[in-house]
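Working notes, beginning with the structure itself.
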Amino acid sequence: MPGFNSMLRAALIGFGSSGKTTLFQLMTGAHETARTGHARGDTSIGISKVPDARLDRLTAMYNPRKRVPATVEFSDLPASGRAAGAQTLIDIAAYRNADALVHVLRAFRDPAVPHPAGPIDPARDAQAMEDELILADLGVAERRLERLEKDLKKQRTAELEHERDVLTVCRAALEEGRPLRALDLKGDDRKRLRGFQFFSAKPLLVVINLDESDLTGGGEAAMHIDRAADAAGLTPFLSRAATAAVAVCAKIELEIGQLAPADAEAFLADLGLKESGLHRVIRASYDLLSLISFFTVGEDECRAWSIPRGTSAQLAAGEIHSDIARGFIRAEVVGYEPLVTRGSMAACREHGEVRLEGKEYIVADGDIINFRFAT
């Protein structure tokens, strides 16, 4: 689960000719509410605004001066040789600080763009990249353990010994070829692991980049992830912990994204698709990280805020401003459905659907919240 700061950060990885940069363009430049990535060294950074029909409806109700959707930051390191290898990513902050990795797997067939490894084999590529991540993490763990042993000779403390024990477990798993996201670490140990920013500990979203013929031949059926994963031989790989998948055809969806909204919607409908690739990838990312959204509304602004599922009202208030969390008194809460059904907050109050909740209240997806706090 990300150490959250109101923006999901996802880093794209993939072998050469996988369509990784095409997906980056789809996610950050092909939608009217997104801006294209800008160069930061050799890494492209782009911000995508999260599509949310609920925010659209609330904006129509309140007609605010500002509409502020939740956002996702995508990082893309151009592939060098066979892959944007994990060893290359080690010193790149955008990758180390990412909440999740998005591995773009080539499943499309194009003789004009040969795969660096030869035959198209998504399952092979998935495991090869996993091996790179594990190898990079093993180097980090071994170096840290070496330093810890030196520190323990100088001063033996319970804190250093516990860190050594956790890293020893991690090293053993990595030596066995197991990613750290599969380890069942709890509480402080899980937090400690996040501090090392291991690649294989990050949740992994696999994007199966389909062939255009797969899309046009099957529409929504071709995009069904179980069928796409089975066809790509990925079902065993996707059974691993903190691993999920989504299927897109990045090339054709990038072309669709350049159309006017009405034309794009009609094109998607012709293909049998209910929503865009942008929407599907973001929704899959939210599901993988167990993220939800709550809303703040008013004449000045309607805004969506993303938080991990299970977040308390006081911590959610801190996403808006630390002063609101410190001075938290009560949260005035109404569900999305009652508000849009009644048409106004006043009508919800008349029907007893507006609640006052304390700091331990667990925020639900779709809650509309007004925080009361002391300055």
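The values are calculated or read from the model by the stated rules, or taken from the named source; none is laboratory data. It should be emphasised that the depicted structure is a prediction, and the values quoted were computed from it without experimental measurement. With ideal geometry, Cβ positions are generated from the backbone for all residues, glycine too; neighbour counts draw on all protein chains shown. Protein only, heavy atoms only, side chains kept; ligands, DNA and RNA dropped before computing areas. Shrake-Rupley method; radii C 1.70, N 1.55, O 1.52, S 1.80 Å.
Structure values in brief
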read-out: Cβ charges +1 (Lys, Arg) and -1 (Asp, Glu), total dipole of the chain, debye; value: 1120
read-out: Heavy-atom accessible area per residue - the chain, 1.4 Å, Å²; value: 46
read-out: Dipole moment magnitude, nearest 20 debye, the stretch 111-191 about Cα centre, only Lys, Arg, Asp, Glu C-beta charged; value: 360
read-out: Separation between Cα centres of the stretch 304-375 and the stretch 114-179, rounded to whole Å; value: 41
read-out: Unit charges at the beta carbon, dipole of the stretch 148-209: most positive-side option, PHE196, ALA172, GLN155; value: PHE196
read-out: Quotient of Cα Rg and 2.2 N^0.38 Å for the chain, N being how many residues it contains; value: 1.08
read-out: Restraint check, LYS20/LYS49; LYS49/LYS274; LYS154/LYS186; LYS251/LYS274, Cα-Cα greater than 24 Å; value: LYS154/LYS186
read-out: Among GLN314, GLN155, GLN197: highest mean-square fluctuation, GNM of the chain, C-alpha pairs under 10 Å; value: GLN155
read-out: Accessible surface of THR341 - all protein chains present, 1.4 Å probe, nearest 10 Å²; value: 100
read-out: Given charges at beta-carbon only (K, R positive; D, E negative), |dipole| of the stretch 248-375 in Debye; value: 460
read-out: Relative contact order, percent, the chain [alpha-carbon distance under 8 Å, six or more residues apart]; value: 19
read-out: Fraction of accessible area attributable to carbon and sulfur, the chain (%, probe 1.4 Å); value: 50
read-out: From phi via Karplus (6.51, -1.76, 1.60), per-residue ³J(HN,Hα) for the stretch 53-68 in Hz, x at Gly/Pro; value: 4, 5, 5, 4, 5, 5, 5, 5, 5, 9, 6, x, 6, 9, 10, 10
read-out: Simple label model, 7 Å out from Cα along Cβ direction - ARG124 to LEU152, nm; value: 4.2
read-out: Dipole of the chain [Lys/Arg +1, Asp/Glu -1 at C-beta], most positive-end residue of SER75, LEU273, ILE307; value: ILE307
read-out: Proximal lysines relative to LYS191, as straight alpha-carbon distance under 16 Å, when same-chain residues fewer than 8 apart are discounted; value: LYS202
read-out: Extension gain (nm, one decimal) between ALA269 and ASP230, 0.36 nm per residue minus Cα-Cα; value: 11.6 nm
read-out: Inter-site label distance for GLU301 and GLU176 at 7 Å from Cα along Cβ, in nm; value: 4.8
